[in-house]
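Asker: Before I ask anything, let me first share the structure, which is written out below as structure tokens.
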Amino acid sequence: MPLSEYEQRVLSQMEQQLRSDPRLVSTFTSEQRYSGRRLALGALLVLAGLGMLVGGVAASLVWLGVLGFIAMLGGVMLAISKPRGAVARPAAPGKKARPAGRRDAGFMQRLENRWDRRRDDRGR
């Protein structure tokens, strides 16, 4: 079933907005997500935790197995986390910078806000 003319127009508008979104472009092109040092340290911690887990099971020491599991979990979290001192990206030209303490709205909430603004602008 082909798209109606209205649906095609809305889809092309969405594509153009995604292409011109500077935050989206910078997310996919220039931002380094994981540091090699954190990945290596996390992998070592996971391996050490796995060794403690296996050793705890072999020696019937529950506390050592639990400690090994916690070490493995910590290693994974360390490997996938970003450094706390990461430099924030500058705001796009013409937009206000967000307050540092405020968390970003969810993806769906941002889409709903954009939709509402677009609908309000069209009604005027």
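What follows is calculated from the coordinates using simple rules that are stated; it is not laboratory data. Here the structure is a predicted model, which is why all the values come from computation and not from measurement.
Asker: With θ set to phi - 60°, apply the Karplus curve 6.51 cos²θ - 1.76 cosθ + 1.60 along segment 64-69 and write out the HN-Hα couplings as whole Hz, x wherever there is a Gly or Pro.
Answerer: 6, x, 5, 4, x, 5
Asker: Could you give each residue of segment 6-15 its phi-based ³J(HN,Hα) in whole Hz, using Karplus coefficients 6.51, -1.76, 1.60 with θ = phi - 60°, and x for Gly or Pro?
Answerer: 5, 5, 5, 5, 5, 4, 5, 5, 5, 4
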